[in-house]
Amino acid sequence: MEKLLQIWLVFVTLALLAVSALADDDVVVVLTEENFDKEVGQERGALVEFYAPWCGHCKKLAPEYERLGTSFKKAKSVLIAKVDCDDQKNLCSKYGVSGYPTIKWFPKGSLEPKKYEGPRTSEALTEFVNTEGGTNVKIASVPSDVVVLTADNFGEVVLDETKDVLVEFYAPWCGHCKNLAPTYEMVATAFKFEDDVVIANLDADKYKDLAEKYDVSGFPTLKFFPKSNKAGEEYDGGRDLADFVTFINEKCGTSRDGKGQLTSKAGIISSLEALVKEFVAASNEEKKAVFSRIEEEVEKLTGFSARYGRIYLKAAKSCMDKGADYAKNEIQRLQRLLEKSISPGKADEFTLKKNILSAFA
């Protein structure tokens, strides 16, 4: 009986720790009509972002606002929160929200807000909240996936003929550069698992010689240095996350989305797709001959294509050994695995296999 009691106490303790960990993860509190008056206008001041999930400016603000929430996570006198106005239309209407994002400060004990009109950066928001809330919180530092260039490493990183490199030449005082920073960070994060792709930046104010060498006269200037052209090419595309992602996928042969996940096109090799169609349509006896032709085609592939080609071969062999339903069953199994909490590397591996198997299903 005593042993059972000890086990039960351990279980309860672990459960409480798990709940506590989950609560700690919510650095930005989600507000609804049900909990708004319980959280806002009480014993602490509240900064509330009224947003819409489809709003581009809201998406750009998201990492900055998350960083703000992380910074004030332990500040008991301040709440950092947000309201989805697509889901909570009445609440947003009540507070006169007509555009997104709208950010309002609710003083302690008050439901009469003050609209925030400043820059939408975590630094500016932190300064505002400290002033209004009487706090002295320092902005949380976050790891960056952007490679910082200097005079010492520029040649090693940018001129590496095994890498495709996108470089932002910026100045610390430049407003447009500050606005681009959170988006550029998301680009770097989206492609951080691509070994051949580097997203980098250079302080052109500090390293003027390098800026002049590459004809940088305004900020930010973006230049792309592909494996085949280390003289650099001007990037003149859009500056939204989707624009950068499309550009890099087209130039580098990658298949990532804005969240860094592989798309349904990842791993697909057009020269093998036609052969797979023949393979699927062939009789069991004919499949062996088509398989030999797939092998011949795979031997011609190099780099990542060779890796993908081996997945095609393995899939074809498994289809011959395990029957016509193998591809469909394996796709379903991989999908179940992808829906679980797995590492990014495993997610890439399973997505590639799933994409390639879809041609055999």
Subtracting the Cα-Cα distance from 0.36 nm times the residue separation, let me have the gained length for residue 43 to residue 87 in nm, one decimal.
13.2 nm
May I ask what percent, to the nearest 5, of DSSP beta bridges between residues of the chain are antiparallel?
45
Measuring from the longest principal axis of the C-alpha atoms of the chain, the long axis of helix 344-357 (C-alpha) lies at a number of degrees, nearest 10, equal to 40
Per residue of region 40-46, what does 6.51 cos²θ - 1.76 cosθ + 1.60 with θ = phi - 60° give for ³J(HN,Hα)? Whole Hz please, x for Gly and Pro, Karplus curve as stated.
9, x, 9, 8, 8, x, 9
Amide H to amide H under 5 Å from residue 235: which residues, 5+ apart in sequence or cross-chain, H placed 1.01 Å off N in plane?
222, 223, 224
Which percentage, to the nearest 5, of the DSSP beta bridges contained in region 147-252 is antiparallel?
40
Just to be sure I understand: of the beta bridges DSSP finds with both ends in region 29-133, what percent are antiparallel, rounded to 5?
45
Between region 131-147 and region 232-293, what is the C-alpha centre distance in whole Å?
40
Compute the Cα gyration tensor for region 167-243, then decide on rounded, prolate or oblate, letting a ≥ b ≥ c be the square roots of its eigenvalues: rounded whenever a/c is under 1.5, prolate when a/b is larger than b/c in the other cases, and oblate in all that remain.
oblate
Where does the chain land at 222 nm, in deg cm²/dmol rounded to the nearest 500, when only DSSP H runs of n ≥ 4 count, each adding -39500 (n - 2.57), divided by all residues?
-15500 deg cm²/dmol
How much length is gained if the chain between residue 293 and residue 270 is pulled fully straight, taking 0.36 nm per residue apart and subtracting their Cα-Cα distance, in nm to one decimal?
6.8 nm
Setting aside same-chain residues fewer than 8 positions from residue 317, which lysines have a Cα under 26 Å from its Cα?
265, 277, 287, 288, 300, 328, 346, 353, 354
Using a simple spin-label model with points 7 Å from Cα along the Cα→Cβ vector, what separation in nm is obtained for residue 173 and residue 213?
2.5
Tell me, what is the 1.4 Å probe accessible area of residue 275, in Å² to the nearest 10?
20
If the viscosity is 0.692 mPa s and the temperature 37 °C, what translational diffusion coefficient in µm²/s does Stokes-Einstein give for the chain when Rh comes from Kirkwood over Cα pairs?
134
Quick tally, 1.4 Å probe accessible area for 233, 43, sorted with the most first, runs 43, 233
How large, in percent, is the carbon and sulfur part of the accessible surface of the chain at a probe radius of 1.4 Å?
51
Accessible solvent surface per residue of the chain, calculated while the other protein chains remain in place, 1.4 angstrom probe, Å²:
57
Run down the lysines and flag those whose C-alpha is under 27 Å from the C-alpha of residue 94, throwing out any fewer than 8 positions away in its chain.
38, 59, 60, 76, 82, 104, 108, 114, 115
Using mean Cβ contacts within 10 Å as the protection proxy, how do 137-148, 344-355, 63-74 order, highest first?
63-74, 344-355, 137-148
Using per-residue counts of other Cβ atoms within 10 Å, averaged over each peptide, order 276-283, 77-84 from highest down.
77-84, 276-283
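The values are calculated or read from the model by the stated rules, or taken from the named source; none is laboratory data. This is a predicted model, so every value here is computed, not measured. For neighbour counting, all protein chains shown are included, and Cβ atoms are generated from backbone atoms with ideal geometry for every residue, glycine included. For accessibility, only protein heavy atoms count, side chains too; no ligands or nucleic acids. Shrake-Rupley method; radii C 1.70, N 1.55, O 1.52, S 1.80 Å.
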